[in-house]
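The block underneath contains the structure these notes are about, expressed in structure tokens.
The values are calculated or read from the model by the stated rules, or taken from the named source; none is laboratory data. What you see is a predicted model; the values in this text were computed from it and never measured. Cβ: placed from backbone, ideal geometry, glycine included. Neighbour counts: every protein chain shown. Side chains are part of the model used for accessible areas, which takes the heavy atoms of the whole protein and leaves out ligands, DNA and RNA. Shrake-Rupley method; radii C 1.70, N 1.55, O 1.52, S 1.80 Å.
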Amino acid sequence: MSETNDPPLRILAEGLRFPEGPVAMPDGSVLLVEIAAGVISRIGPDGQRSLAARPGGGPNGLAMGPRGKLYVCNNGGFDWTEAGGLLRPHGQAQDYAGGSIQRVDLATGTVETLYTECDGVKLRGPNDIVFDNEGGFWFSDLGKVRPRDRDHGAVFWAAADGSRIVEAALPVPGGANGIGLSPDGKVLYAAETETGRLWAWDIEGPGRLRKHPWPSPHGGRLVCQFPGFRRLDSLAVTAAGNICVATLVSGEITTVAPSGEILRVVPMPDLMPTNICFGGPDLRTAYVTLSTTGKLVELPWDEPGLRLAHS
């Protein structure tokens, strides 16, 4: 394992209200959510911020989908704690009414809701999303946390046209967060926040995962148990198939091989680097959201990222 100290970070934007879900666009801008503000913002190459859409609730993960539409995992909203210049989520919003999957027309800012439930069960806290090449997308549901109880997380598949949704893996007791696909599209990865575990499933088809037997809680196979007190957030996959996980508490981006070996740790100047995506002409520029301090930063990466469907 190697550690890169003092990475050459460039701050693209600051003053953001808990940014997450970055998507690098062909024009050099980056779309991201500001969860605490309930908006989707566009950060230009010069750092200028503009409003792209106002989904409300708690927009969280983003992905470009068919016909240039932007798809949003909306967690329904958090309560917030702000102290010492740091902003962080703190449980379920008082006006929480459920989670949803939304679709945004970037030309107009129009927001439509595609899914709010699966088989009559409401979505709790949709978090992260990745498109496949089978007409749909996989998404994680973190669940919701209240003072004395919490919802289990889960993994879902849904059709991009809003016609079908499938509960693919349940429960993910520590909350399903970052989600991604292997370069060949045959393996699904999901990060479990509270346990610090990275899981994988072999994909059998749209919404169908090959399940390992008990004692796996959801049929996944354990790829990596992160050491010490580390919580996991979103992730991105590289062209070589390595998994780059935004690692909370320790404030790092951790690169894990499909075999489970930790290959590289890049420290970040924030306890909650929540997401990473790749952009630039060669996909070797990493964009990272530093959420408690409200920043979007970029840095050169040691390997190219995976080109995503519909990117």
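Being closer than 16 Å to Val33 by Cα and not aromatic (Phe, Trp, Tyr) is a property that Pro173 lacks.
Among residues of segment 166-185 that are under 26 Å from Ala240 (Cα atoms), none has a Cβ under 7 angstrom from a residue that is among the basic types (Lys, Arg) and open to solvent by less than 40 Å² (accessible area, probe 1.4 Å) at a sequence gap of 6+ or on a separate chain.
Take the residues in segment 276-293 that are polar (S, T, N, Q) and open to solvent by 10 Å² or more (accessible area, probe 1.4 Å); name whichever of them is nearest to Ala63 (Cα to Cα). Outline the logic, then answer.
Applying the first criterion (polar (S, T, N, Q)) to segment 276-293 yields 285, 289, 291-293.
Restricting the remaining residues to those that are open to solvent by 10 Å² or more (accessible area, probe 1.4 Å) gives 285, 292-293.
On the way: Thr285: 18, Thr292: 22, Thr293: 23 Å.
Applying the filter and picking the extreme gives Thr285.
Annotation: Ile253 fulfils all but one of (1) within 19 Å of Ala176 (Cβ to Cβ); (2) of a type in the set (A, V, I, L, M, F, W, C); (3) surrounded by 21 or more Cβ atoms within 10 Å (Cβ to Cβ); the unmet one is (1). For segment 63-76, state whether one or more residues are touching a Phe, Trp or Tyr at 6+ places or on another chain (Cβ under 8 Å) and among the hydroxyl-bearing types (Ser, Thr, Tyr). Checking segment 63-76: at least one residue is touching a Phe, Trp or Tyr at 6+ places or on another chain (Cβ under 8 Å) and among the hydroxyl-bearing types (Ser, Thr, Tyr).
Any chance segment 190-198 includes a residue that's modelled with pLDDT of 95 or more, within 24 Å of Leu70 (Cβ to Cβ) and assigned to a strand (DSSP E or B)? Yes, segment 190-198 has at least one match.
May I ask you to say which residue of Glu112, Glu134 is among the charged types (D, E, K, R) and either within 21 Å of Val155 (Cα to Cα) or modelled with pLDDT under 95 (or both)? Before you say what the answer is, go through the steps one by one.
Working: Glu112 fails: either within 21 Å of Val155 (Cα to Cα) or modelled with pLDDT under 95 (or both).
Matching residue, one of Glu112, Glu134: Glu134.
What number of residues within segment 211-240 are part of a strand (DSSP E or B), closer than 21 Å to Val288 by Cβ and open to solvent by 20 Å² or more (accessible area, probe 1.4 Å)? Show your work before the answer.
The first filter runs over segment 211-240 and keeps only residues part of a strand (DSSP E or B), leaving 221-225, 231-238.
Right, trim to closer than 21 Å to Val288 by Cβ and you get 224, 231-238.
So of that shortlist, the ones also open to solvent by 20 Å² or more (accessible area, probe 1.4 Å) come out as 231.
Result for segment 211-240: 1.
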